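Okay, so here's the structure we're looking at.
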Amino acid sequence: MSLLTAIQPAIPEERQIHLCWMVSNLCDFKCSYCAPSNHNGTVRGPNLEATYKFLDQFLEQTKKFNLVHVSFTGGEPTLWRPFKEVVQNLESRGVEIGLTTNGQRNINFWDGIAEKINWICLSFHTESADPDHFIKLISALETKTSVNVRVMMPPDATLWSRGYNLWKRLQQLDSSWGFFMEMVALEDEFGKPSMLRLYSTEQLAILKSERPRHSKVPQGVSPQNRKQVWTTREFYSDGTSQILNQPQLVLNNANKFRHWKCNAGTESIYIEGDGKIYKAGCKVDGVIGSIDQENFRLPVKQVICPKESCFCGTDIAIKKEFAEKKRWKFF
Ligand code: SF4
Ligand code: SF4
């Protein structure tokens with residue numbers, strides 16, 4: 001049987017670093033599966049001065065990397081006041097930019113900014129999102145950037161059917177549209193205990209069979225108008241590899257990397273709205289600094305994963321490899 005042995009950049013020797021920044025917990029939705037601390041608006045995020053002070057330090061230390069990637073999450077990160085200005089600044093400095101959004105902003109909001117972002121993850125949250133607006137937004141963005149549509153599929157029957165209806169509509173769109181789409185089962189990514197056990201057998205079968213797919217090769221990543229886009233692959237013991245598929249790893253219970261060597265900290269950091277810095281969203285090893293700190297230094301040592309489960313898509317994508325027991329027990 002072929003075993004998962006590593007998660008790495010498509011070109012393993014290439015050094016990439018990912019700063020994932022939860023810029024605030026402001027959000028215009030209140031999804032029932034989302035912990036209030038992710039959307040109750042108590043943390044409004046750093047101002048421009050504090051943001052640039054930290055980014056200057058970060059970019060100075062990451063010159064040796066082939067690719068520096070900064071992604072924004074929340075809450076709803078587009079509600080963070082300096083959002084557009086920071087995106088423009090990072091783009092002018094050659095940084096690859098990613099964004100996870102609920103897509104609720106009106107279409108005009110994206111004018112002049114979408115093309116500066118390398119990928120936009122549009123999450124469809126079934127309780128509050130308007131499917132018609134959501135599809136119009138995909139149409140507006142898909143020629144400007146790489147669009148990844150994530151359809152949240154809560155186990156509740158009503159919410160499930162709203163997600164499934166959107167999924168079917170997406171499948172019927174003109175094949176000239178360029179975007180990537182995936183169904184997402186809710187796990188404890190949103191701060192609540194695992195919800196996988198709440199799905200019916202039929203729902204689980206659908207989640208496993210509806211593979212992520214491209215409507216066609218995304219226009220947003222064509223060499224003419226985009227820089228490199230961060231890609232990561234799963235590597236197997238038989239020498240094969242495939243593009244990283246986080247939802248399927250979660251569904252197959254394969255997001256378990258306890259005792260693996262993980263580059264959390266050396267090739268990723270995660271910042272919360274209050275400015276505290278961690279090695280990754282899993283908060284392994286606790287707080288390692290804050291954005292207002294003078295002389296913040298990036299960690300230099302890999303971690304041996306102590307966690308039972310790697311629950312968030314960004315964490316799963318951090319470079320990591322299976323470590324032989326005899327190698328890790330001496331750390
Ligand atoms: S899941 Fe996302 S969109 Fe929904 S309330 Fe939480 S932060 Fe907002
Ligand atoms: S849980 Fe944390 S330490 Fe473990 S593999 Fe995931 S990111 Fe790395």
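All of the numbers you see were taken from the coordinates with simple rules; none came from a lab. Note that the structure is predicted; figures quoted are calculated from it, not measured. Every residue, glycine among them, receives a Cβ derived from its backbone with ideal geometry; neighbour counts consider all protein chains shown.
Could you list, ordered by first residue, the pairs with Cβ atoms under 7 Å in which the first is in the stretch 81-103 and within 20 Å of residue 29 (Cα to Cα) and the second is in a loop (DSSP other than H, G, I, E, B) and of a type in the set (Val, Ile, Thr), at least 6 apart or interchain?
Listed by first residue and then by second, the contacts come to 99/117.
Restricting the first residue to the stretch 282-299 and requiring it to be over 20 Å from residue 46 (Cα atoms) and in contact (Cβ under 8 Å) with a residue 24 or more places away in the chain, which pairs with a second residue that is of a type in the set (D, E, K, R) and assigned to a loop (DSSP other than H, G, I, E, B) meet a Cβ separation below 7 Å and a spacing of at least six or different chains?
Pairs that qualify, where the first residue is over 20 Å from residue 46 (Cα atoms) and in contact (Cβ under 8 Å) with a residue 24 or more places away in the chain and the partner is of a type in the set (D, E, K, R) and assigned to a loop (DSSP other than H, G, I, E, B), are 282/307; 299/279.
Going through the stretch 270-294 one residue at a time, which ones are in contact with a strand residue (DSSP E or B) (Cβ under 6 Å, 6 or more places away or on another chain), within 14 Å of ligand 2 (Cβ to nearest atom) and more than 14 Å from residue 313 (Cα to Cα)? It would help to see each step written out before you state the result.
The first filter runs over the stretch 270-294 and keeps only residues in contact with a strand residue (DSSP E or B) (Cβ under 6 Å, 6 or more places away or on another chain), leaving 270-273, 275-278, 280-281, 284, 287-290.
When the remaining residues are screened for being within 14 Å of ligand 2 (Cβ to nearest atom), the result is 270, 278, 280-281, 284, 288.
Within the stretch 270-294, 278, 284, 288 qualify.
Hey, which of the strands (runs of 3 or more DSSP E) in the stretch 1-115, taking only ones fully inside, have at least 3 residues that are in contact with a Ser or Thr (Cβ under 8 Å, 6 or more places away or on another chain) and β-branched (Val, Ile, Thr)? Don't jump to the end; show me each part of the working.
Details: elements: 4-9, 16-22, 67-73, 96-101.
Correct list: 96-101.
Here is a list of conditions, (1) out of contact with any helix residue (DSSP H, G or I) (no Cβ under 7 Å at 6 or more places or on another chain); (2) under 24 Å from residue 41 (Cα atoms), and residue 99 meets all of them except one; can you say which number that is?
With (1) out of contact with any helix residue (DSSP H, G or I) (no Cβ under 7 Å at 6 or more places or on another chain); (2) under 24 Å from residue 41 (Cα atoms) applied to residue 99, the lone miss is (1).
For the stretch 119-139, state whether one or more residues are more than 16 Å from ligand 1 (Cβ to nearest atom), free of Cβ contacts under 8 Å to residues at least 60 places away in the same chain and in contact with a Lys or Arg (Cβ under 8 Å, 6 or more places away or on another chain). If you could, list the steps in order and put the result at the bottom.
Start the filter on the stretch 119-139 by keeping residues that are more than 16 Å from ligand 1 (Cβ to nearest atom), which leaves 119, 132, 135-136, 138-139.
Add one more test, that the residue is free of Cβ contacts under 8 Å to residues at least 60 places away in the same chain, and what stays is 132, 135-136, 138-139.
Those still in the list that are in contact with a Lys or Arg (Cβ under 8 Å, 6 or more places away or on another chain) too: 135.
Yes - at least one qualifying residue is present in the stretch 119-139.
Can residue 23 be described as buried (at least 20 other Cβ atoms within 10 Å of the Cβ), of a type in the set (Val, Ile, Thr) and more than 16 Å from ligand 1 (Cβ to nearest atom)? First the steps, then the outcome.
Details: buried (at least 20 other Cβ atoms within 10 Å of the Cβ): yes; of a type in the set (Val, Ile, Thr): yes; more than 16 Å from ligand 1 (Cβ to nearest atom): no.
No, not satisfied.
Which residue pairs have Cβ atoms closer than 8 Å, lie 6 or more positions apart in sequence or on different chains, and pair a first residue in the stretch 23-36 that is touching a residue at least 60 places away in the same chain (Cβ under 8 Å) with a second residue that is within 16 Å of ligand 2 (Cβ to nearest atom) and part of a loop (DSSP other than H, G, I, E, B)?
Once the first residue is touching a residue at least 60 places away in the same chain (Cβ under 8 Å) and sits in the stretch 23-36, its partners that are within 16 Å of ligand 2 (Cβ to nearest atom) and part of a loop (DSSP other than H, G, I, E, B) give 34/191; 35/191.
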